[in-house]
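One structure, pasted below without further comment.
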Amino acid sequence: MDWSSEIACPVAAGSQVSVEWNRNKQGTADVISASHTGPCIVYMATAESKGEGNAWFKIFEEGYDSSSKKWCTDKLIANKGKLDITIPGDIKAGSYFLRTEIVALHGARRVGQCQFYPNCAQLEVTGGGSAVPDGVALPGYYKSDDPGI
């Protein structure tokens, strides 16, 4: 794998990026089966870490909204797969990986039966501050006996 920033998307710290999930055709509501409800979670890791060890820090999570009675996946389908995320404004400038994931909970009544749909991109973050957040290991952070997993 090429870890250089030549393939990175430039983004300013504190700005918004849009990610998009699609099953078969971009720009349609064919994002994920409507039965695959669950949260959307986004992590970042420095490219220097190569994503290894406790490198991944969470920057976004949206689960179930009790007021609308909708999961993040329901909102993704309605928005044709697009999700807007704000890059932390205080993180140190540099090369990062962005990991977006859907955790489909339709099988989670049985231990270890939820499904993960991850996607990654590489960003070159400009501006920002000096923060280097603590992270977790992916894979490895989730355990099959975690509630809902």
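Do you know which of the residues in the stretch 71-81 that are in a helix (DSSP H, G or I) and not charged (D, E, K, R) is most open to solvent (accessible area, probe 1.4 Å)?
The residue in question is 78.
Here's something else I'd like to know. Which number in (1) modelled with pLDDT under 95; (2) among the aliphatic types (A, V, I, L, M); (3) in a strand (DSSP E or B) marks the one condition that residue 1 misses?
(3)
Here is a further query. When you go through (1) in contact with a Leu (Cβ under 6 Å, 6 or more places away or on another chain); (2) farther than 14 Å from residue 118 by Cβ; (3) of a type in the set (Val, Ile, Thr); (4) part of a strand (DSSP E or B) one by one for residue 31, which number turns out not to apply?
Of everything listed in (1) in contact with a Leu (Cβ under 6 Å, 6 or more places away or on another chain); (2) farther than 14 Å from residue 118 by Cβ; (3) of a type in the set (Val, Ile, Thr); (4) part of a strand (DSSP E or B), residue 31 misses just condition (4).
Of the conditions (1) more than 16 Å from the chain's Cα centre (by Cα); (2) closer than 18 Å to residue 105 by Cα; (3) surrounded by fewer than 19 Cβ atoms within 10 Å (Cβ to Cβ), residue 62 clears all except one; give me its number.
(1)
Filter the stretch 82-93 down to residues that are in a strand (DSSP E or B) and touching a Ser or Thr at 6+ places or on another chain (Cβ under 6 Å) and give me whichever is modelled with the lowest pLDDT.
82
Just name the residue that is most open to solvent (accessible area, probe 1.4 Å) out of those in the stretch 34-58 that are outside any loop (DSSP other than H, G, I, E, B) and small (Gly, Ala, Ser).
So the residue we want is 49.
With respect to residue 68, is the statement that it is over 28 Å from residue 94 (Cβ atoms), open to solvent by less than 70 Å² (accessible area, probe 1.4 Å) and more than 16 Å from the chain's Cα centre (by Cα) true?
For residue 68, the condition - over 28 Å from residue 94 (Cβ atoms), open to solvent by less than 70 Å² (accessible area, probe 1.4 Å) and more than 16 Å from the chain's Cα centre (by Cα) - is met.
Residue check, residue 67 against (1) farther than 27 Å from residue 135 by Cβ; (2) in contact with a Phe, Trp or Tyr (Cβ under 6 Å, 6 or more places away or on another chain); (3) small (Gly, Ala, Ser), all met but one. Which one?
Among (1) farther than 27 Å from residue 135 by Cβ; (2) in contact with a Phe, Trp or Tyr (Cβ under 6 Å, 6 or more places away or on another chain); (3) small (Gly, Ala, Ser), residue 67 violates only (2).
Something else: Taking the options 101, 61, 124, name whichever one is touching a Ser or Thr at 6+ places or on another chain (Cβ under 8 Å), at pLDDT 90 or above and either of a type in the set (A, V, I, L, M, F, W, C) or not in a loop (DSSP other than H, G, I, E, B) (or both).
So the residue among 101, 61, 124 that is touching a Ser or Thr at 6+ places or on another chain (Cβ under 8 Å), at pLDDT 90 or above and either of a type in the set (A, V, I, L, M, F, W, C) or not in a loop (DSSP other than H, G, I, E, B) (or both) is 124.
So which residues in the stretch 130-147 are of a type outside the set (D, E, K, R), open to solvent by 40 Å² or more (accessible area, probe 1.4 Å) and either at pLDDT 90 or above or over 27 Å from residue 47 (Cβ atoms) (or both), if there are any at all?
If the condition is that a residue be of a type outside the set (D, E, K, R), open to solvent by 40 Å² or more (accessible area, probe 1.4 Å) and either at pLDDT 90 or above or over 27 Å from residue 47 (Cβ atoms) (or both), then 130, 133, 144, 147 are the ones that fit.
The values are calculated or read from the model by the stated rules, or taken from the named source; none is laboratory data. Keep in mind it's a predicted model, so treat the numbers as computed, not measured. Here Cβ is always computed from backbone atoms with ideal geometry, including for glycine, and neighbour counts include all displayed protein chains. Just so you know, the surface numbers come from the protein's heavy atoms only, side chains and all, with ligands and any DNA or RNA stripped out. Shrake-Rupley method; radii C 1.70, N 1.55, O 1.52, S 1.80 Å.
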